[in-house]
1. Taking Cα atoms of region 1-65, Rg/Rh with Kirkwood Rh, to two decimals?
2. Going by accessible area, probe 1.4 Å, with all protein chains left in place, what is the ranking of Phe26, Phe192, largest first?
3. What does the charge count near Thr135 come to, summing +1 for each Lys or Arg and -1 for each Asp or Glu among other residues with Cβ under 11 Å from its Cβ?
4. Rounded to the nearest 5, what % of DSSP beta bridges with both residues in the chain are antiparallel?
5. For Val30, what residues show an amide H to amide H distance below 5 Å, using hydrogens built from the backbone and excluding near sequence neighbours?
6. Leaving out ligands, DNA and RNA, and with a 1.4 Å probe, what % of the accessible surface on region 170-290 is carbon or sulfur?
7. Got a sec? What order do Asp228, Asp141 fall in by accessible area at 1.4 Å, biggest, i.e. largest, first?
8. In the chain, with Lys and Arg counted as +1 and Asp and Glu as -1 at Cβ, which of these residues, Val198, Gln101, Leu217, has the Cα nearest the positive end of the dipole, that is, farthest along it?
Amino acid sequence: MTDRVGFLGLGIMGRGMASNLLRAGFDLTVWNRTAARADELVAAGARRADSPAELAAACEVICCCVSDTPDVREVLLGERGVIHGAAPGTLVIDMSTISPQGAREIAAALAERGVRFLDAPVSGGSEGAAKGTLTIMVGGDADDVARATPVLQAMGKTITHVGGTGDGQTVKLVNQILVVGNMLAVAEALIFAQASGVDLEKTLHAVVGGAAGSWMLSNRGPQVIRRDWRPGFTIDLQQKDLRLVLEAAEQVGAPMIATAMISQLYRTLQSAGLGAEGNHALVKALERLAGIEVGAA
Ligand code: NAP
C-alpha cells in the first residue's frame, strides 16, 4: 500500500512541493499555520488537517518545510506537534534548512517515540519546487532513505544520500556558501557591465552558457537587470542560512572570509528594511557603495 503522505508548511517552497506530491498521485494531507494558504491545495484534492498532531495521526510519511530550527521544533515537538499524533514507525522528512545540530536533537526526541527522521533540505529555489526539479540532500539511515525515495522523487530530480542524521543540513550549508558567493559575483559583474556601458541583456546572453555560468546568474541575473526584487528566497531567510553557516563554521574552525562579508552586506539591506526582498537584491548593497545602479538608463 502506498503511504499516506502529509505536508506541513505551505510557504513559497512547500506549496510547490506539496502540489507535486498531489500530482504524483499520493494521498495527501496538508497543514499550514496560516490556514488560508492551504485552500488552493485542498481545492486541488488534498485533505486538510487542523494541527500537525492531527495530520500525523492520518499519515505514515510526513514532510515538513518551515522557516528555521525553532519552527521545526514547534511543528514536530510542540504542544500540537507531530510527536503527539504519530504512531511508532512514522517517517518524518524535514525539508527545511535548519542547524545540523538541531536536526540531530529533533531526531533523537522523535526516536524516543519510535518515530523515524530524515533531514532532507533542498536547493533549486521556488522554480525547482514548482517544477519538481529540486536537488535534495538527505541525512539519515539508508532504510529510511529507501522508504522516502518515491516521495522525494515526486519533488526532486537529484537526490543524494550524503550521510547520517544532520549531514543533509551540513551539505545544504555548503550549498548556501556557494549560492551567496555566486550572487556576489553576479552583482559585481553587472555593476562593472553597467559602468562600462555595455548592453546588459546581451552581456548575460553571452556569458551565461560559458565557464562563468551558474544557477544564480541564469535565474537571478535577468531579475536584477529588470530590477524585479520579488523573492524566490527572501533576504531574511538567506541571512538565517548564513547565520547557520557561520555558527557551524565556528564549531569546526573553518574560516568564512567571503561568507562573513556577504552576511554583513545583507545586514545593511535588512537595516534598510529590505529583508522581504529576494536574495538577488544583494546587488543593492554594492550599488550603494559604487554609486552605480544596474539597469539605469
Ligand atoms: P516562506 O515562504 O517564508 O514559508 C515559511 C513557511 O513556514 C510558512 O508556511 C510558514 O507558515 C511556516 N512557518 C514558519 N514558522 C512557523 C512556525 N513557528 N510554526 C508553523 N509554521 C511556521 O519560506 P520558504 O521560502 O518556503 O522556505 C521554507 C524553508 O525552505 C526554509 O527553511 C528555507 O530556508 C528553505 N528553502 C527555501 C528556498 C527558497 O528558494 N525559497 C530554497 C531552499 C530551501 P505561515 O504561512 O503561517 O507563515
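The values are calculated or read from the model by the stated rules, or taken from the named source; none is laboratory data. The structure displayed is predicted, hence computed values, not measured ones. Note that we place each Cβ from the backbone using ideal geometry, even for glycine, and neighbour counts take in every protein chain shown. All accessible areas refer to the heavy atoms of the entire protein, side chains included, with ligands and DNA or RNA removed. Shrake-Rupley method; radii C 1.70, N 1.55, O 1.52, S 1.80 Å.
1. Numbers: Rg = 10.2 Å, Rh = 11.2 Å.
Radius of gyration over Kirkwood radius for region 1-65 works out to 0.91.
2. Values: Phe26 30, Phe192 145 Å².
From most exposed to least exposed: Phe192, Phe26.
3. Numbers: positive: Lys157, Lys172; negative: none.
With Lys, Arg at +1 and Asp, Glu at -1, the neighbours total +2.
4. Working: 4 of 28 bridges.
Of the beta bridges lying entirely in the chain, close to 15 percent run antiparallel.
5. Phe7, Arg47, Arg48, Ala49
6. Values: 3620 of 5960 Å².
Looking at region 170-290 in its full context, I get 61 percent from C and S.
7. Working: Asp228 20, Asp141 80 Å².
Most to least solvent-accessible, the answer reads Asp141, Asp228.
8. Val198
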